[in-house]
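These notes are about the structure you will find just below.
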Amino acid sequence: MGNKQIRVGQLIAPFGPGSIYTDRRGIPHVVCGLDYWFMKSDAARGMIQCEDRSEFEKFEPRLSALLRVDRFFSPPDFRAIRRGEEAPPNAALQIPAVRFPTWYRHTATGEMRKFNLDTVKLDTPPGGRWQPVRFVSVCAGGHLNEFPWKEWIGCTCVSNTGLRITDRGGADLSSIRVQCMTCPPGSSGYKGNSLSGTTVKPVPGEKSAFEEAKISCPGERPWLGQGAEECGCSHPLIGALINQTNLYFPRTVAAILLPDISQQNDDVAEVRNEIEKDTSACAIALTEWKMSEEEERRDIAFKFHRKLERRGTKVSEDIVFEALKSLFEPGYFNGNKVVSPAVPESDLLAFRRQEFNIIRNEVNDALHVPNLRVIPAVVPDRLTTVISKVNLVERLRETRAFFGFSRLEPEPLADQEMPDTAIKQLFRRPPTEIHERWLPAIEVFGEGIYIELSEERIRQWQVENSSWLTDRLDDGFITRLQAIPQVLAPSGATGRDWASRYLLVHSLAHMLINQLVFECGYSTAALRERLYVSADNSAPMAGILIYTAAGDSEGTMGGLVRLGRPDRLGPLFQRAISRASWCSADPVCSENLGGQGSRLANLAACHSCVLLPETSCETINQGLDRAMLVGTPDNRAPGLLSEFLVVRFDN
């Protein structure tokens, strides 16, 4: 099948296990499951495990606690074996992918044929070539199947060689027709059927076209190999084009490395950094730590103490114990005073709050905290009424983990389903031991700007514009916004205070990114947002981290951080506000028609003003309304930043 090149980061998203990757020749493949990673071909022994996969292991205790899996591995990079040179460690590792779909059509005759995965050379009739069919079938349970060609037309032939597909070039699928030339004349298979209605997702209470034809989902999982079907799938089967965007929604979560910034001596910080270098031992020890009592944890510390002594690090066993405790117990780090929310939060929102509590404060200790450097900056004078804090994040480390996928809709996993559902979906033979379970993850290093809005100004703005917000944000819109998993809505009841705050913060992030790309040297797709939003009365959040990250351990070039200085940030804000105040689609874009976008969860937001590439936005461009910031063309007054439309920023 040949070798195809793909970036390591793309194997987390958008081309993780179970996705369809189309190569440059137009041949679609499905990326294989995790059983087949870190395997390589040996002439004598067939497929064997690589020499040592520990070099690919990543350690992130916060992600381990959230996903309830202790080990992460990055996809292996390919290392060629050069003639006359010694093979490098873990040479020739590849991520396998198999051809899918296996049905092909002849471009000249329309003849269809099903090939097996071992087929190398195709017997091609003259005048054309074999081309993969454009259709597959899927279900909401995550299964990916061949399109049921024979069942759809009622063909009962044993052979797979009689089908023929014709495309008359119409505007819909009714112009594509399939028939079997070997079925008896007059039979349903010989008459054939069009593909009309096969790709329509039924609304609740109705049946899909395949359900009407009594065709159920066969439960195929081609990314796990042949014979990995799950029988008895109850989800309706739906036809799909192989390049549909809703065919694959990767579930990913990212964590910014948070150091232990509690009041501890230098020895503890130094030992912790030394322990973290042994990622494989850390992952195993994390599992043991969580299952142990105090005395057994002392034994774990003793083992690490012996290891450190062999490396030449002379410290007491108590110091090692404190270092392990700070590493393995989320929430143990809290050097700054932190206010707890009054209402309990979801795991993901609490996970995000941990970052908020750290990144809004200064972190400047290159010796003990090498992978996070946060420097407070001066807020431009004219912006002090709306911005309370600006921090320059000169260095950060982010770990992005992949924990499964969904199809048709971006459905989240319930907390109680992690990680069992992901492990079952990604492994043909799921590991039975807890310490053997793992998920793919990559580490990236970068820089960013953290901006925090004034809490006093937000509350004042909400009071002053309460009637306008009531008219603009109806209950239906708030319900749709809250239902989007990525917005991290509070677990309790939500209202306009939370919804308006979220729209405000999210739209500001998009507005700034759209302006930053003209001045920082990065493309729009290279920048990302990370939102910190909560309307909790005791511990509110209204922060934005705009950052960029690369796989190189040296990080990025500093062009983004430089724009956070007060002499640059003020003018940048003015240009961003001015640019967002008018959209080429206005007044239509600004009209309140109840919502726009795929889930009707946007208001004044379109591709001409604030939408970003999907890789840059946490919510895939949902939950946006620039009117919260600059009002509408016929009423600027309600916008939080409308007062700055006529102000020049000199600093």
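The values are calculated or read from the model by the stated rules, or taken from the named source; none is laboratory data. Source: prediction; values computed, not measured. Using ideal geometry, Cβ is built from the backbone for each residue, glycine included, and neighbour counts are taken over all protein chains shown.
When you scan the range 200-212, do you find a residue that is at pLDDT below 95, hydrophobic (A, V, I, L, M, F, W, C), in contact with a helix residue (DSSP H, G or I) (Cβ under 9 Å, 6 or more places away or on another chain) and exposed (fewer than 15 other Cβ atoms within 10 Å of the Cβ), even just one?
Initial filter on the range 200-212 (at pLDDT below 95): 200-212.
Keeping just the survivors that are hydrophobic (A, V, I, L, M, F, W, C) gives 200, 203, 209-210.
From the residues that got through so far, the ones that are in contact with a helix residue (DSSP H, G or I) (Cβ under 9 Å, 6 or more places away or on another chain) too are 200, 209-210.
From what's left, exposed (fewer than 15 other Cβ atoms within 10 Å of the Cβ): 200.
Looking through the range 200-212, at least one residue is at pLDDT below 95, hydrophobic (A, V, I, L, M, F, W, C), in contact with a helix residue (DSSP H, G or I) (Cβ under 9 Å, 6 or more places away or on another chain) and exposed (fewer than 15 other Cβ atoms within 10 Å of the Cβ).
Just checking: which of the helices (runs of 4 or more DSSP H) contained wholly in the range 143-228 hold 3 or more residues that are under 28 Å from Pro250 (Cβ atoms)? So that I can check it myself, show each step before the final result.
Numbers: elements: 149-153, 188-191, 209-212.
Ranges flagged: 209-212.
Does Met47 fit the bill of being in contact (Cβ under 8 Å) with a residue 12 or more places away in the chain, over 20 Å from Arg221 (Cα atoms), hydrophobic (A, V, I, L, M, F, W, C) and not assigned by TED's automatic domain parsing to the domain that holds Pro419?
Values: in contact (Cβ under 8 Å) with a residue 12 or more places away in the chain: no; over 20 Å from Arg221 (Cα atoms): yes; hydrophobic (A, V, I, L, M, F, W, C): yes; not assigned by TED's automatic domain parsing to the domain that holds Pro419: yes.
No; evaluated as a whole, the condition is false for this residue.
For the range 600-628, what are the residues that are under 18 Å from Leu469 (Cα atoms), out of contact with any His (no Cβ under 7 Å at 6 or more places or on another chain) and in a loop (DSSP other than H, G, I, E, B)? Break it down stepwise before answering.
Of the range 600-628, the ones under 18 Å from Leu469 (Cα atoms) are 600-605, 623-628.
Going one step further and asking which of them are out of contact with any His (no Cβ under 7 Å at 6 or more places or on another chain), we end up with 600-605, 625-628.
Once the filter is applied, which keeps residues that are under 18 Å from Leu469 (Cα atoms), out of contact with any His (no Cβ under 7 Å at 6 or more places or on another chain) and in a loop (DSSP other than H, G, I, E, B), the range 600-628 yields Leu600, Ala601, Leu603, Ala604, Ala605, Asp625, Arg626.
In this structure, does Ala525 turn out to be surrounded by fewer than 22 Cβ atoms within 10 Å (Cβ to Cβ), part of a helix (DSSP H, G or I) and under 24 Å from the mean Cα position of the chain (by Cα)? Yes. One residue alone among Gly9, Gly26, Gly16 is in a loop (DSSP other than H, G, I, E, B) and on the phi < 0 side of the Ramachandran plot, and that residue is Gly16.
Out of the residues in the range 269-283 meeting the condition of being modelled with pLDDT of 75 or more and among the β-branched types (Val, Ile, Thr), tell me which one is farthest from Glu60 (Cα to Cα). This residue is Val271.
In the range 569-595, what count of residues is obtained for those that are touching a helix residue (DSSP H, G or I) at 6+ places or on another chain (Cβ under 7 Å) and in a helix (DSSP H, G or I)? Summing the residues that are touching a helix residue (DSSP H, G or I) at 6+ places or on another chain (Cβ under 7 Å) and in a helix (DSSP H, G or I) in the range 569-595 gives 10.
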